[in-house]
Every structure is written in C-alpha cells, then in structure tokens.
Amino acid sequence: MPLSDPLPKNYEYREVEARWQQIWKDEDHYFQADSEKPQFVIDTPPPYPTGEFHIGNAFNWCYIDFIARYKRMKGYNVMFPQGWDCHGLPTEVKVEETHKITKNDVPRQQFREMCRTLTIGNIEKMRASMRRMAFSIDWSHEYITMMPYYYGKTQLSFLRMMKAGQIYQSDHPVNFCPRCETAIAFAEVNYSDRTTSLNFFNFDGVEIATTRPELLAACVAVAVHPEDKRYAGKKDTSLKVPIFGHEVSIITDEAVDPSFGSGAVMICTFGDKQDVIWWRMHNLPLRKAIDKTGKMTDIAGKYAGMTTRDCRKAILADMEEQGILIRQQPLEQRVGTCWRCKTPIEILSENQWFVRIPHEAALKAAKEVKWYPEHMFLRMENWIEQMEWDWCISRQRLFATPIPVWFCKDCGEVIIPEEAELPVDPTVDQPKKPCPKCGGTSFAPETDVLDTWMDSSISVLHVTGWDGSQKTPPLFPAQIRPQGHDIIRTWAFYTILRAVSLTGGKPWEQILVNGMVLGEDGFKMSKSRGNVTVPEEILSQYGADSLRQWAAAGASTGSDIQFNWNDVVAANRFLTKMWNISRFALMQLSRESYHEKAPVTALADRWLLARLDQTVREVSDAFETYLFDKGLRAIREFAWDVLADNYIEIVKGRLYGGAGRDGACVAIQTALNSLCRMLAPYTPYFAEEVWSAAFEGSVHKQPWVDFAYTDQQALADGQMLVRIVTEVRRYKHDKNLALNAPLGTVTVYTPDIIDDAGDGSLALNCTLQFRAGKPELKQIVSGVSFAMGIIGPALRGQAKAFMQAIEALPRDQLIQLPKMVTVGTEEIPIPEGSVIPQMSYTVAGAAVEIITAQDDLIITVEQKM
RNA sequence: GGGCUCGUGGUCUAGCUGGUUAUGACGUCGCCUUGACAUGGCGGAGAUCCUGAGUUCGAAUCUCAGCGAGCCCA
C-alpha cells in the first residue's frame with residue numbers, strides 16, 4: 001500500500017480539485033459501443049447555451065452525475081451525453097443587442113451565422129463550469145442542435161411525420177407574439193395578472209361589456225345565454241356594429257355568463273380562446289383586425305395602421321363622442337404573455353404547421369415510464385387530458401431548423417426533398433426535380449422555421465442512435481430521463497409524443513423529476529429580487545464537492561430546494577472531518593504493520609463492520625431509488641457518528657497499546673475503503689484524493705461496495721457499549737472532570753454480560769468490569785412505561801383505562817406484577833410484556849456512586865479515595 | 001376557478017405504509033486544547049409537528065374543512 005507520505009494536515013480542495021481535473025481523462029467516461037455490460041443511457045437535458053451554467057442546471061446535473069457514477073460502479077455501460085439546445089429567440093435578441101441591428105437589417109444567412117458564433121462561445125463557457133463540477137460527461141456524445149448533423153435529423157423526423165399524416169398545414173388560430181412576430185405554442189404562453197378597464201357601451205340597443213374595444217372591427221356575432229329572459233326572442237336577429245356598421249347576428253350559447261355585465265358578449269376573431277371556441281362551434285366568419293406586427297388591418301377602416309393600444313384609445317374616444325360609451329370599471333384579469341419577452345399575446349389565424357396530438361398513445365407511453373417521484377406523472381396526465389389544440393410547430397423567426405419544404409409557384413404543391421438531401425435550407429437550396437404535379441420549375445421556399453422543441457424532443461432518438469434507417473434505434477429506449485418539473489408539459493411531453501409517433505414506443509424506462517432551486521429567501525431566484533446565487537461563487541468559496549453535497553442533501557428528491565449557504569458550509573466541514581478520519585486511519589495503518597487477513601473478534605470491531613453493513617445496504621437502496629439525500633445522510637452518520645465519535649474513541653487505546661491491534665486495523669481499513677467508494681458519486685474529487693493515498697488505482701474505476709457482514713449480537717452489544725461510554729462521559733462532565741480523567745473501578749450491570757475486549761477501560765481511563773443482572777442496591781420503582789405495540793392490539797378500547805389502572809397501583813406492586821388488574825368493574829389479565837416498570841436505585845452504602853440506573857443498564861463507580 | 005406539492009425548535013430539514021424520549025444541520029449556552037481533527041470533542045437549552053374537526057385505544061403521520069406558501073394550468 002502506498003502509505004509512505006502522510007496526508008497533509010489540511011484538505012485543500014482548491015489544489016486537489018484542480019489537480020484531479022487535470023489528471024482525469026475524458027475517455028474515462030466514454031460509452032463503449034462494443035461492451036458486454038448492460039447499457040444505461042441517460043437522455044440528458046440539452047440546456048440553452050446562455051453562457052452561464054446556473055444553479056438550477058448545476059442541481060439537475062448533480063443528480064445526473066450521481067446516477068452516472070453509481071451505475072458505472074455497478075457495472076453498467078453508461079452513456080452520459082451532453083446536448084446543447086441552440087435555436088431560439090433569446091439568442092436572436094442577444095445578437096440584435098450586441099450588433100445593434102434588427103434581424104431584418106442583414107441577410108438571413110449572415111444573421112444566422114452571427115447567432116451560431118455567439119452560441120459556440122456560450123457553449124465553451126458552460127463546458128468549463130461543468131468540468132469544474134466534475135460531471136462525468138461523455139464528451140464523445142456531445143450534440144449541438146444547430147449543427148447540420150443534428151438539425152438534419154430534426155428535418156428527417158419532420159418529413160417522416162408529415163408522410164405519416166401526423167404533421168399538417170392549416171389556417172388556424174394560433175397564439176402569436178406581436179413583438180417576436182412569431183406564432184408560439186400553448187406551452188410557451190405564460191399568464192400574468194393585470195388591471196384593465198371593462199367598457200360598457202351601447203351596441204345597437206344592447207349593452208355590451210368588453211375589455212377589447214379595439215376588436216370591434218373584428219366582431220362577428222353577439223352571444224347571450226339561451227335562458228336569459230332579457231334577450232328572449234332576439235335569437236338570430238341582427239345588430240349593426242357601432243362605428244363600423246357591418247351586421248352581426250345574435251346567437252345563443254350556454255357558455256355565456258348571464259351575470260357578467262349585461263349578459264351579452266361580443267364575439268371577435270379573436271380576443272381570447274373562448275372566442276375561438278365559439279367561432280368554430282357556430283361556424284362564424286373570420287375578420288382579421290390585427291396583423292402579425294400588432295397593428296390594425298384595413299378592415300379597421302380609419303384606425304388601420306394604428307397599434308392595438310392607440311386604436312383602443314381612439315375607439316373609446318369616438319364612442320364617447322357618439323354618446324354610446326355608457327361606463328367603465330376596472331377589472332382584474334389574467335392575460336397570456338409570451339414566455340420569452342412577456343408581451344401580451346394575440347390570437348391570430350394564420351397558415352401554420354401543426355403536429356397532431358396522439359392523446360391516447362402518448363398517455364399510454366407516459367404510463368409505461370416509471371416516474372420518480374411517482375406523483376409527477378399526474379402533471380403529465382392532466383396536461384395530456386386537457387389539451388385541445390394541436391401543437392403549432394412553425395415559427396416566423398430565423399435562428400432555427402428550417403422547415404424542409406418548398407411550394408410550387410405554378411400549382412401551389414408542397415415539394416419536399418429526398419431524405420438523402422437533408423439537411424436543406426429551402427431559402428438557399430432548390431428542389432432537385434420539377435414539381436411532380438404540374439412539372440413547374442419555379443419554387444417559393446417555406447420561410448417559416450421549426451419550434452425549438454422540435455429539435456430537443458428528438459434528443460432521445462439522437463442519443464440512442466436513430467438515423468431513420470431503423471424503426472427502433474439500436475439503443476432505444478433510453479434508461480432514464482432526468483429533468484425538472486417545469487418542463488414536464490414541454491420537453492417530456494413532446495419527447496413522448498415524438499417517440500410514439502416515430503418509433504411506436506416509450507422513449508425511456510424511467511424519468512427522474514427534480515425540483516426547482518429557490519433563493520435563500522424561499523422565492524424563485526430572479527435578478528429583480530436580488531436572490532441569485534451562481535455556482536461559480538459557491539465553487540470558488542467551498543469547492544465542487546461541497547456544492548454537490550448541497551444538491552444531494554438539501555432536499556428530498558423531487559422537492560423544490562432552497563439554496564442555503566449553511567448546507568454548503570456543513571458539507572465543507574464534513575469533508576474536513578472525513579479528511580481527518582482518513583489521516584488518522586492512514587496514520588494507524590502505516591505506523592506499524594498488521595495482518596491484513598487478521599480475524600475480527602473484538603466487540604467494537606465487529607460492531608463497526610455490522611454498522612458498515614447496514615450503511616452499505618442503506619446507501620445502495622438509496623441510489624437504486626434516487627434518494628440521494630438519504631444515501632448521503634447514511635454515509636455521514638456512519639463516518640461521523642459511528643466511526644469517528646464512537647468507534648475510534650473506543651479503540652484508540654487498543655490501536656496504540658498493541659494487543660488486538662490487527663482486528664481494529666482491518667476494521668478501519670475496511671471502513672475507509674467502503675466510505676471512499678460510497679462517497680465517489682457524491683464527492684468525486686475528495687474520494688479520489690483519499691483513495692489514491694490509501695489504495696491502488698482510481699476510486700471511480702472500482703466496483704460498487706460489495707460488503708456483507710451480519711452480526712446481530714455485535715449490533716446490540718456495540719450499541720450498549722456506546723451507551724456505556726456516553727453515560728460515563730456525561731458523568732465526568734457533570735462532575736467537572738476532564739474526559740480523560742482517571743476514574744477508579746466502574747461496574748456495568750446489563751442483562752447479559754458484555755465482552756468489550758478491554759476497550760472500555762482504555763477509552764474511559766478506568767477499570768471497567770461487567771456484571772450480568774442487577775447490583776445489590778436499594779431498588780425503587782420510579783415509574784412505569786407501556787408497550788403500546790402490545791397493549792393497543794390486545795385491549796383495543798380498554799387500553800386507556802388499563803393504563804390508568806396500572807398507574808394507580810402502588811409502586812412496589814410493580815416489581816412483581818400481578819396477573820390480573822381491575823379495570824372499572826372488570827378483572828382483566830395483564831398482557832405479557834405490556835407493562836415495563838422503570839427502576840431506579842439508591843446507594844446502599846457509601847462505597848459506590850451511581851452513574852446511571854436504567855432498566856437494562858446500571859453503572860456504578862467506586863472512587864479511589 | 002382547477003390540479004399537484006408543501007406547512008415540523010430562531011433558520012433550513014428528516015420522519016409522514018399510525019405505536020420508545022420527533023432526525024440532522026446552522027445558530028445558541030456551558031465545559032474541555034485528550035497523542036486525526038478547536039473547520040474539533042462532550043454536554044445542555046430550544047418544537048401547542050399551521051388551525052379546527054373527524055377516524056382510532058393511540059395521529060407529525062390517515063380523512064375532511066379552513067388558513068398560508070410554491071409550482072403548473074384555466
């Protein structure tokens with residue numbers, strides 16, 4: 001064993017972490033294509049390359065890395081790929097800001113190139129943080145969605161689904177962000193509260209309340225409740241729209257709330273989602289009053305060209321002038337906003353591309369996946385069941401995967417490329433053949449691009465080796481998807497949908513859902529709140545291993561986790577403690593040679609190994625079910641409480657003294673070895689540093705701990721030994737004695753005699769003798785306790801009265817319990833073992849002093865005079 | 001308005017398939033520099049387990065209602 005150099009006094013995480021980062025090789029974590037081992041493929045989330053790896057990412061990746069490292073040690077062929085979900089609006093916005101341009105100021109291709117350059121730089125920065133965190137990523141399986149090799153697959157998946165009839169083009173109302181000038185999906189709509197004014201006005205004799213007067217030009221009907229007596233007989237009569245003058249009918253619909261305003265509502269195309277429902281149900285005409293840039297269209301007459309805001313003011317002013325504006329009142333409402341730019345969305349009817357939602361198949365696949373924690377499945381179920389519209393996948397932006405389609409200028413036919421031609425950019429490339437329908441040779445490119453989720457929702461297909469040549473990719477399905485609960489309805493759902501549509505099966509066997517990271521104040525981290533902590537700050541103050549422990553132990557799996565410096569500091573202290581334990585262990589093991597195969601016979605040594613056995617099982621179980629907090633707690637308890645505070649203190653004398661030293665050395669060596677392995681997934685730097693000082697090779701190449709040691713007697717007696725030590729410590733403390741002060745003869749009375757191999761005497765600096773049974777002292781009953789586990793089931797409703805009866809008995813009767821007791825008017829038998837008298841003792845003579853007197857443990861001391 | 005999750009010492013947190021003295025950390029108080037560690041050891045104080053009702057012999061744990069928080073959705 002390489003034990004020549006003692007460990008330095010302090011654990012310098014800065015030096016250690018930097019050093020191992022240099023020594024470890026990327027290849028150590030590569031997935032081996034030709035391996036015999038069972039595969040464990042992780043469908044890692046591809047983060048958006050903002051340039052900053054934030055604490056939410058760090059938290060998520062810690063979970064992934066715990067799993068990857070554990071599974072490797074368990075003998076799996078692990079793939080921990082790393083993707084980058086590049087496309088999207090934030091990068092476009094950043095480029096516009098940086099270059100002080102708008103997307104239309106430069107050629108399309110040049111703008112996209114600027115986006116790519118920015119993205120590459122951002123990825124570079126984030127990779128550095130991830131390496132510092134010691135994430136065991138397989139960099140040979142990195143993917144960047146903006147690269148041709150990836151977006152070609154996105155396009156291929158588009159064509160396949162289109163050919164299968166799962167993707168279609170349609171004129172349909174969609175959520176539209178006028179600021180981003182693009183359609184967005186429901187998943188991208190957020191809702192926020194705002195106060196607006198509800199305007200009551202005279203609509204050709206009917207009072208109408210509306211929050212959107214600017215949509216008057218788009219009014220296509222007025223609706224009332226069928227039972228509303230105020231409008232009885234008015235059904236199908238027509239009204240003249242004020243200001244604009246076109247005629248609309250009165251229709252009836254159950255969904256109108258008669259108690260809201262006047263009970264009559266104007267239907268416009270489109271003010272909100274309800275308008276869309278009515279529009280479709282009643283087959284109403286379409287009047288587009290707002291265009292894609294949020295300006296009024298020609299049908300708005302003199303208001304054309306105004307923004308919706310200006311138009312609202314102008315129309316309200318005109319209504320007032322005409323004397324038809326009755327009154328206005330404030331109204332709290334929730335308005336849909338674009339999740340990226342917070343602009344209120346409009347619902348516009350535009351020609352867009354859609355993916356059909358296969359509700360049943362998606363739900364079935366979602367059910368087949370094992371969810372951790374289980375209840376997260378409900379979120380998916382609720383989402384799928386309430387989806388009404390298909391998924392709008394076209395976007396009117398630039399930095400995204402192009403939709404691989406042209407239109408024949410002569411006949412309008414949709415032209416698609418051969419799969420072998422992919423990737424294509426229809427705004428650059430041309431179809432290779434004339435139009436199959438009319439033979440035309442001039443084409444218009446589809447300038448719309450794909451929703452970014454179209455890229456990221458095939459991550460699992462990409463990492464499992466999908467290239468379109470096979471129905472099921474070679475490594476499909478992946479074993480696990482780790483992700484946050486915020487993207488269940490997006491990434492998780494879309495991935496299931498795409499896997500079902502393209503392969504017919506579930507994408508992963510398991511999904512592990514982690515919580516959100518909240519700030520120290522318990523609120524979501526946000527710059528405006530000033531409660532943001534970045535991983536780099538934690539890394540530079542306490543190191544990666546401490547941050548990783550916070551992620552593991554800060555909250556149970558699935559719960560949101562509050563960031564907390566205390567936990568990071570505590571994690572750091574644990575490393576210090578563990579370091580000193582390791583130093584002590586290595587010092588002992590190298591101080592003098594010992595027999596590595598020596599039998600372990602002393603009680604303390606057997607107790608340590610039996611407790612280690614328990615710990616190993618607990619930690620292994622925790623990893624199998626992804627309860628990382630539980631695993632780390634078990635390790636800490638074993639290392640700190642069992643090993644350091646009790647075991648080492650108890651056997652120190654034997655380690656220095658000589659006799660029985662071998663067994664202790666074997667026990668310590670075994671414990672240290674196991675601890676390093678169990679810590680390896682949590683604290684890879686620390687575990688490697690200690691392992692390399694004590695053992696051969698890399699801890700990360702070791703198999704998971706395979707240790708079994710069952711010894712019930714040692715567990716019980718060891719625990720008793722710990723109690724004895726604790727009691728004597730307390731006694732010395734109470735007597736203001738130093739803990740190593742000599743104590744004369746201490747006698748321990750327990751039901752069965754304990755053989756501590758002389759450890760107790762050395763540890764407590766006294767002559768410790770063990771006796772079975774009870775001492776010759778004056779016994780008194782100080783109280784009584786009950787075994788509820790016996791009394792409850794045996795006596796049910798009589799339990800309380802029974803206990804009261806027992807407590808009412810004279811205390812001295814409890815030493816020899818009677819067989820029966822009177823409860824109320826009834827004599828009932830006392831169940832075996834149900835009543836436990838609490839004994840205490842007094843000193844008969846002055847010779848001994850009592851340290852403690854409990855039911856099963858009495859300790860006396862005979863002070864040397 | 002609906003769904004999900006949660007409410008435990010000053011702070012954060014475990015337990016929550018009902019049954020010893022409710023776990024641990026941070027903080028706090030006292031004692032101790034003992035040959036791994038003062039970034040430590042030992043000991044202590046500190047909890048109406050959000051409120052109310054119910055089920056039960058027994059509730060932090062199960063049920064219902066209320067209050068409050070977070071997330072997701074309408």
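Among the residues of the stretch A:694-711, is there at least one that is within 16 Å of RNA strand B (Cβ to nearest atom) and within 30 Å of residue A:8 (Cβ to Cβ)? Yes: one or more hits.
A Cβ distance below 9 Å, combined with a sequence gap of six or more or placement on separate chains, defines the contacts here; from the stretch A:790-803, residues that are free of Cβ contacts under 8 Å to residues at least 12 places away in the same chain reach residues that are aliphatic (A, V, I, L, M) and open to solvent by 60 Å² or more (accessible area, probe 1.4 Å) in the pairs A:799/A:788. Evaluating residue A:441 against the criteria (1) out of contact with any strand residue (DSSP E or B) (no Cβ under 7 Å at 6 or more places or on another chain); (2) not in a loop (DSSP other than H, G, I, E, B) leaves one unmet condition, (2).
Scan the stretch A:732-750 residue by residue and report those that are open to solvent by 80 Å² or more (accessible area, probe 1.4 Å) and not charged (D, E, K, R).
Residues of the stretch A:732-750 open to solvent by 80 Å² or more (accessible area, probe 1.4 Å): A:733-736, A:739-740, A:742.
If the condition is that a residue be open to solvent by 80 Å² or more (accessible area, probe 1.4 Å) and not charged (D, E, K, R), then A:733, A:736, A:739, A:740, A:742 are the ones that fit.
Tally up the residues in the stretch A:238-265 that are in contact with a Ser or Thr (Cβ under 9 Å, 6 or more places away or on another chain) and either crowded, with 17+ Cβ neighbours inside 10 Å or in contact (Cβ under 8 Å) with a residue 12 or more places away in the chain (or both), please. Spell out the reasoning first.
Quick first cut of the stretch A:238-265, residues in contact with a Ser or Thr (Cβ under 9 Å, 6 or more places away or on another chain) only: A:238-239, A:247-250, A:261, A:265.
With the extra rule that they be either crowded, with 17+ Cβ neighbours inside 10 Å or in contact (Cβ under 8 Å) with a residue 12 or more places away in the chain (or both), the set shrinks to A:238-239, A:248-250, A:261, A:265.
Residues in the stretch A:238-265 being in contact with a Ser or Thr (Cβ under 9 Å, 6 or more places away or on another chain) and either crowded, with 17+ Cβ neighbours inside 10 Å or in contact (Cβ under 8 Å) with a residue 12 or more places away in the chain (or both): 7 in total.
Look through A:488, A:538 and report the one residue that is away from RNA strand B (no atom under 14 Å from the Cβ) and open to solvent by less than 20 Å² (accessible area, probe 1.4 Å). After applying the criteria, what remains is A:538. Here is the figure for the stretch A:712-759: residues that are away from RNA strand B (no atom under 13 Å from the Cβ) and not charged (D, E, K, R) total 17.
Where residues in the stretch A:764-780 are within 16 Å of RNA strand B (Cβ to nearest atom) and more than 48 Å from the chain's Cα centre (by Cα), which of them is least open to solvent (accessible area, probe 1.4 Å)?
Let us first name the residues in the stretch A:764-780 that are within 16 Å of RNA strand B (Cβ to nearest atom), namely A:764-766.
Next, from what is left, pick out any that are more than 48 Å from the chain's Cα centre (by Cα): A:765-766.
Values: A:765: 69, A:766: 17 Å².
Taking the candidates together, the pick is A:766.
Within the stretch A:677-691, being in contact (Cβ under 8 Å) with a residue 24 or more places away in the chain and either open to solvent by less than 20 Å² (accessible area, probe 1.4 Å) or under 19 Å from residue A:15 (Cα atoms) (or both) holds for A:678, A:679, A:680, A:681, A:682, A:683, A:684, A:685, A:686, A:688, A:689, A:690. From the list A:518, A:461, the lone residue that is touching a residue at least 40 places away in the same chain (Cβ under 8 Å) and open to solvent by 30 Å² or more (accessible area, probe 1.4 Å) is A:518. Within the stretch A:390-406, identify whether any single residue is within 16 Å of RNA strand B (Cβ to nearest atom), out of contact with any helix residue (DSSP H, G or I) (no Cβ under 8 Å at 6 or more places or on another chain), outside any strand (DSSP E or B) and at pLDDT below 95, and answer yes or no. For the stretch A:390-406, residues within 16 Å of RNA strand B (Cβ to nearest atom), out of contact with any helix residue (DSSP H, G or I) (no Cβ under 8 Å at 6 or more places or on another chain), outside any strand (DSSP E or B) and at pLDDT below 95: present. Counting only strands (runs of 3 or more DSSP E) wholly contained in the stretch A:279-386, the ones carrying 3 or more residues that are under 30 Å from residue A:207 (Cα atoms) and in contact with a strand residue (DSSP E or B) (Cβ under 9 Å, 6 or more places away or on another chain) occupy A:325-338, A:346-355.
Of all residue pairs spaced 6 or more apart or on separate chains, those with beta-carbon atoms under 8 Å, a first member in the stretch A:94-108 that is touching a residue at least 60 places away in the same chain (Cβ under 8 Å) and a second member that is among the acidic types (Asp, Glu) are A:103/A:92; A:103/A:96.
The values are calculated or read from the model by the stated rules, or taken from the named source; none is laboratory data. All of these numbers come straight from a predicted model, not from anything done at the bench. With ideal geometry, Cβ positions are generated from the backbone for all residues, glycine too; neighbour counts draw on all protein chains shown. Remember, those area values only see protein heavy atoms, side chains included, never the ligands or the DNA or RNA. Shrake-Rupley method; radii C 1.70, N 1.55, O 1.52, S 1.80 Å.
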